[in-house]
Amino acid sequence: MSPDLTRALHDAVDTGPDDSPFSVDALTGRIRRRRTVRAASRGGVAVGAAGAVALGAVWMGGRAPSSALPAARPDAAQGTCGSPVAAFPPATGSPVTLLPGTSDPFASVGALAPGESAARLTGRTFVGQVAVALSPEQSFNASAVAQGETEAALQQLQAALALARRQAAAGRPTLDAQGIAELEGRVARAGEANADASAVLQIVGPDAIYRRDLQLLLAHGSTVVAVGGHENDDGEMFVQGETALRTLELGLQGCDESGDLPPGTYDLYVAYDTDSAGGAEADRIPEDRALAGPWTVDLLAAEPQPTGLPSEFPTDELPLAGGRLVSAERLSPSPTSGWRVVVEVDGDDALRQSVELLALPGHDTTRTVEQAVDGATATTSLEGSIAGWDVTIAAELTEAGDQSITYTFVPTTR
Amino acid sequence: MSWEADLDRLVSERGSALVAYAYLLVGDMASAEDLVQDALVRTYSRRRTEEITWVEAYVRRTILHTYLDGYRARTRFAAVTPLVATPDAVDDDVAAAGDRADVARALTVLSPRERACVVLRFYDDLTLPEIGLRLGVSPGAVKRYLSDARHRLEPLLGPQPGLGTEDVATITRGGAR
């Protein structure tokens, strides 16, 4: 008799031994270290902020302290400033998920489950990657074929070609002659790739475009307080296999222009059109929109520039990320040598803020330039030049959650 | 109650079940224990003590995502290697007897996503749309994974009508625009 899967799996999980499978002590130590670091960082923020006020330090890069939140407007249109989240119809399973926009290499790279933390930020912008799961039909229509799946790709393309030819023969063409010729070329290339089982091939057709009208909403309580991600946006997404991806940004300012949002925990939603064909914003009707999420976004108190720097350090030329100064020293005893400065920072966007503060040219701050993981420490580094200085910034993150920025400033030949 | 006490209670009362759940996914005991410990560290590094009521479910969800993340990372960096590694022999301590052993052994022939779908469907009792939401894929994709799983499992376990997915409308692959 065939085993019943439900009973067998529940038996396997729920009727095991009662004793602990492993020691909690080592586990407790790992967790305690991570929690201690986080708590110390938060405490440091408060102490640093208080000291900064006394010294007249300025907030740079981070959000200016504010206590204002946009007012709730129960009658506001769906997805607009002050509107209730409940203006969206209840979702019954969403193809839309969020991937972490963090530079934390230890963080999950998979989709965030609703309720998980999307980011802890001190800056003025949230950056996240939205993923839309495509049906096989949508994936096919986007003409994208995933890496490595050469046999499946070949079969899919052959089927598509046969379909296109049948439709053309029946007088209902969906591809013109050029389109069929292009498809024939892709079938040929897929055939060649399939002949070499070890080939890793990415075949992306000229129509590898998928559009979806996406919008990021930040809510406090049940009220929308910030909106982003859709202005001047044609909705085009990058398609990879059965997933369409798009990086979206959300300014962390109140949508009523009341200024930077105050520190606290917010709910992040992705609003999307349930009609996957997309459509212009003007065509939206409320019943066609739904929400994915929420995920949490923690806005941390903005930190001032570190205090305690040597008096000869050129703070005006070289603004540093807000945080606690760990060390600041000359690269050599010479008074004309450069500097190495280490600042302990908090927030997932510390590196991004460091780059923006220095206005390093040529860097897309949403991307990792170089990343290396050595044991339990990961380093993300980038280099650039500003007037008078060659700059290296290395963001170091330990598995325990310690985060620091190491700046190296070398004077250029003057 | 402190988080340490919560953790201690969770591990002592449900630790074996969590490891057994992870074992269904990874197919070997050492990896299952590592997976559970990583999930517990991630969970308790951020969670507050008052949320204990749903911590076990949250840990199971973290186990699933950590498992699939590892699968994604492996496939990203080793696209030419076989997607399904044959796990070590089934651990006798967990697959004690009968159906449990048969099912645990049979699950090792499934791909990671197929295995995840089977576990979510038959242990977590989720619907197809719910599984899709949990995995970040469409219900149609879930249906395909379960259908593929059925074709692989039935030669080993006999007929599995529960793996039928007739409750979700079929999407025609390659349909016209």
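Just grab the label-to-label distance for A:Thr315 and A:Gln158, each label 7 Å out from Cα along the Cβ direction, in nm (one decimal).
So the label points at A:Thr315 and A:Gln158 sit 7.1 nm apart.
Quick one: what are the phi-derived ³J(HN,Hα) couplings along the range A:260-269, Karplus 6.51/-1.76/1.60 with θ = phi - 60°, whole Hz, x for glycine and proline?
So the J values, rounded to whole Hz, are 4, 5, x, x, x, 9, 10, 9, 9, 10.
Consider a paramagnetic label point 7 Å from the Cα of B:Leu156 along Cα→Cβ; state which residues of the range B:1-36 have an amide N under 20 Å from it.
B:19-33
R0 = 41 Å: FRET efficiency of A:Ala387 with A:Arg73, Cβ-based, nearest 0.05?
Step by step, r from the Cβ atoms, then E = 0.30.
Put simply, what bits of the range B:118-143 lose 40 Å² or more of accessible area when the other protein chains are there, versus the chain on its own (1.4 Å probe)?
In the range B:118-143, residues shielded by partner chains: B:Phe122, B:Tyr123, B:Leu133, B:Gly136, B:Ser138.
Ignoring ligands, DNA and RNA and using a 1.4 Å probe, state the total buried accessible area between B and A in Å², rounded to the nearest 100.
Protein heavy atoms only, the B-A interface buries about 5500 Å².
The values are calculated or read from the model by the stated rules, or taken from the named source; none is laboratory data. No experiment lies behind these values; they were computed from the predicted model shown. Every residue, glycine among them, receives a Cβ derived from its backbone with ideal geometry; neighbour counts consider all protein chains shown. Heads up: the accessible areas ignore ligands, DNA and RNA and are worked out on the full protein's heavy atoms, side chains in. Shrake-Rupley method; radii C 1.70, N 1.55, O 1.52, S 1.80 Å.
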